[in-house]
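Participant: The following block contains the structure, expressed as C-alpha cells.
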Amino acid sequence: MLSDLETILNPKPFTQEELLQLYCCPITTRLMREPVTTSDGHTYEREAIEAWLENHDTSPMGSEPLESKKLTPVLLATKAVGSLLEKYSELKDPKEWYLPESWIKALGRACEDGDEAAIRELVGRDRRLLEHTFDNKSVHGGKTALQLAVISKQRKALEVVVQLLEQRQPGLSLAALLRTNAQGLAPLHLAILAERDCETLLQIMNWMSQGLNTIVAPQDWPLTEHSFAAH
C-alpha cells in the first residue's frame, strides 16, 4: 500500500523511449508536431488525421464511426513535446519527428519568392528541410531547397540556403552543390539552363571552390610519376 502511494506521489520519470512512444501519432508513427484528439479520444498529428477524415467517417484506430469530425488541440501534449525537446536536444530534428507537408510546401514557396526570413524560420523548425527532396508529385518535384533556389532566380534565397547548410555542418553546402537531381543535373547545370546571370554562376563556382579547398587530400594524392611507375 505504501509503495503504491509512493509511486503516485513520486512517479518514475519516463525514459526517452517511453516518451517517444507516448507522443507518436498512430498514423504517421512519428513524434507529433501538432497533436489533436478526435471525438473518440484518440490523439493524432493534425495534418495526418485531417487527411484521413477527408475520405473516412471512421476512426483510424478501428472501424467504429466517429460522432463528429471535430478536432481538439491537446495543449498538454504540445507542452510535453516541447519539454521533451528541451530535455533531449538530440531529438531536435531526427527522423522520429513528423515533417509536415505544409512546412515543405512553405519552404518551396519561400525559395521561389526569395523570402529569406521565411526560409530561416522554417529551417529553424526542422533542419531536415534543407536536405529534403520534394516529392515528384509536387510542383517542386525531385528538387532540393538549394536546387529550387538556383532556378528561382532569387539570389538571396540561394545565399541563405548555402549559408544555412554550412551552419548545420561544415562541408554540407559543397555536398548539396555537387548533388544531382533525377536527370543527373547539378545546381550549376540548373543555373545555366535557367539562364542565371554570370555573377550568380561565378558565385556558385566560388562556393564549390571554397568547399573543395577545405578537403584534406590523402598523402599519396595526387599520384606522382614514381607512383605510376610503381604500379
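The values are calculated or read from the model by the stated rules, or taken from the named source; none is laboratory data. As the structure is a prediction and not an experimental result, all values here were calculated from the model. Cβ coordinates were reconstructed from backbone atoms using ideal geometry, including for glycine residues, and neighbour counts include every protein chain displayed.
Participant: So, restricting to helices (runs of 4 or more DSSP H) that lie completely within the range 176-231, which ones have at least 2 residues that are surrounded by fewer than 11 Cβ atoms within 10 Å (Cβ to Cβ), at pLDDT below 85 and among the small types (G, A, S)?
Facilitator: Helices (runs of 4 or more DSSP H) meeting the threshold: 225-230.
Participant: Please work out which one of (1) in the same structural domain as A145 (by TED's automatic domain parsing); (2) at pLDDT below 90 is the condition A106 fails and give its number.
Facilitator: (2)
Participant: What are the residue pairs meeting all of these: first residue in the range 104-127, first residue crowded, with 16+ Cβ neighbours inside 10 Å, second residue at pLDDT below 90 and of a type in the set (S, T, Y), Cβ atoms under 7 Å, and 6 or more apart or on different chains?
Facilitator: Cβ pairs passing all conditions: C111/S152; E112/S152; G114/S152.
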